[in-house]
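Enquirer: To start, I am sharing the structure in question, which I have written as structure tokens.
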Amino acid sequence: MLHIVNKSPSERNTLDACLRMAKKGSTVLLIEDGVYAATKGNTAESKLKAVMAKDIHVYALWPDLEARGMQDTVIDGIKQVDYPGFVDLVAENKNVQSWL
Amino acid sequence: MTESTGGIDMDEESSGTVKKFAFINRKAPYGTIYALESLEVVLISAAFDQDVSLVFVDDGVYQIKKGQGTKAVGMKNFSPAYRALEGYDIEKLYVEKESLESRGLTEDDLVVPVEVLTSEEMATLMDEQDVVMSF
């Protein structure tokens, strides 16, 4: 299953809700202001590292990272995808939940 | 900027009043329209020769993060505009220390020189204002 989070972790609690309900083997994609969670030093860093250790795959959309000037501070282990990569993730997963 | 009032004819009474304005920016750029709208209002306020302070707290600190490049998302990168504020006599920019720290950022990550204040100092600054505008 693919989970999509588009809000900053310091603005809304959607990332927390997502991580609470994401199962082992599932994928989390961070887009728009959600990409701030993928950056080093953000308060969400330890939470993401914890789920990555539990076989949850975390991706961030690099056009959104680059727009925000955060492309050089991405946490190790988080994979970056472009728009075609976003489409691939949607196609590969049997269903998608957007945590709006 | 005493002679320039943006084409607005100011009479004796109103031109003598200078108020302390603070613009409080609390949201990240691009995800919502708040940051850009705030910047536009700040630029308008420059035309009225007021005592303007810009405050960046919470996700607002991301507005002035260095290295923004918006080509791939197809939006306008408005971060260079913060560097032009000096030319409009808007030179008081304040950032909350705690907001920077909880995002892994330092003063060196910002596009403009700012004064970093603690939450307590920020509280005092806000308290001193005549007008507070929140974005």
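The values are calculated or read from the model by the stated rules, or taken from the named source; none is laboratory data. Small disclaimer: the values here were computed from a predicted structure and weren't measured. Ideal geometry is used to build each Cβ from the backbone, glycine not excepted, and the neighbour counts take in all protein chains shown. Please note that ligands, DNA and RNA were not included when accessible areas were found on the heavy atoms of the full protein model with its side chains. Shrake-Rupley method; radii C 1.70, N 1.55, O 1.52, S 1.80 Å.
Enquirer: Tell me yes or no: at least one residue of region A:41-48 is surrounded by 14 or more Cβ atoms within 10 Å (Cβ to Cβ), of a type in the set (Asp, Glu), within 14 Å of chain B (Cβ to nearest Cβ) and under 12 Å from the mean Cα position of the chain (by Cα).
Expert: yes
Enquirer: Find the helices (runs of 4 or more DSSP H) located wholly in region B:60-135 whose residues include 2 or more that are without any contact (Cβ under 8 Å) to a residue 24 or more places away in the chain and over 12 Å from the mean Cα position of the chain (by Cα), and list them.
Expert: On the way: elements: B:80-84, B:97-101, B:119-127.
The qualifying helices (runs of 4 or more DSSP H) are B:97-101, B:119-127.
Enquirer: Every residue in region B:61-106 that is under 19 Å from B:Arg26 (Cα atoms), within 10 Å of chain A (Cβ to nearest Cβ), open to solvent by 50 Å² or more (accessible area, probe 1.4 Å) and of a type outside the set (S, T, N, Q), please.
Expert: Once the filter is applied, which keeps residues that are under 19 Å from B:Arg26 (Cα atoms), within 10 Å of chain A (Cβ to nearest Cβ), open to solvent by 50 Å² or more (accessible area, probe 1.4 Å) and of a type outside the set (S, T, N, Q), region B:61-106 yields B:Lys66, B:Glu101.
Enquirer: Now, a different point. Inspect all residues belonging to region A:9-19 and state whether any of them is within 12 Å of chain B (Cβ to nearest Cβ) and assigned to a strand (DSSP E or B).
Expert: No: zero hits.
Enquirer: Do the conditions hold for A:Ser8, that is, is it open to solvent by less than 20 Å² (accessible area, probe 1.4 Å), of a type in the set (Ser, Thr, Tyr) and farther than 29 Å from B:Val111 by Cα?
Expert: no
Enquirer: Output the residues belonging to region B:28-42 that are within 13 Å of chain A (Cβ to nearest Cβ) and either among the basic types (Lys, Arg) or open to solvent by less than 10 Å² (accessible area, probe 1.4 Å) (or both).
Expert: Listed by number, the residues that qualify are B:Ala28, B:Pro29, B:Ala35.
Enquirer: Another question, then. Name every residue in region A:54-82 that is farther than 17 Å from A:Ser26 by Cβ, surrounded by fewer than 21 Cβ atoms within 10 Å (Cβ to Cβ) and more than 9 Å from chain B (Cβ to nearest Cβ), in order of residue number.
Expert: Within region A:54-82, A:Val74, A:Ile75, A:Asp76, A:Gln80 meet the criteria.
Enquirer: Would you mind stating whether A:Val35 is within 25 Å of A:Ala91 (Cβ to Cβ) and assigned to a helix (DSSP H, G or I)? Before the answer, list the steps.
Expert: Details: within 25 Å of A:Ala91 (Cβ to Cβ): yes; assigned to a helix (DSSP H, G or I): yes.
Taking the combined requirement at face value, the residue satisfies it.
Enquirer: I need the full set of residues from region A:29-69 which are under 14 Å from A:Ser8 (Cα atoms) and of a type in the set (A, V, I, L, M), in order please.
Expert: Passing the criteria: A:Leu29, A:Leu30, A:Ile31, A:Val35, A:Ala37, A:Ala38, A:Ala44, A:Leu48, A:Ala60, A:Leu61, A:Leu65.
Enquirer: Okay, moving on. Does A:Val87 qualify as being away from chain B (no Cβ under 12 Å), touching a residue at least 12 places away in the same chain (Cβ under 8 Å), among the aliphatic types (A, V, I, L, M) and over 21 Å from B:Glu101 (Cβ atoms)? Even if it seems obvious, please write down each step before you answer.
Expert: Values: away from chain B (no Cβ under 12 Å): yes; touching a residue at least 12 places away in the same chain (Cβ under 8 Å): no; among the aliphatic types (A, V, I, L, M): yes; over 21 Å from B:Glu101 (Cβ atoms): yes.
Against the criterion (away from chain B (no Cβ under 12 Å), touching a residue at least 12 places away in the same chain (Cβ under 8 Å), among the aliphatic types (A, V, I, L, M) and over 21 Å from B:Glu101 (Cβ atoms)), A:Val87 does not qualify.
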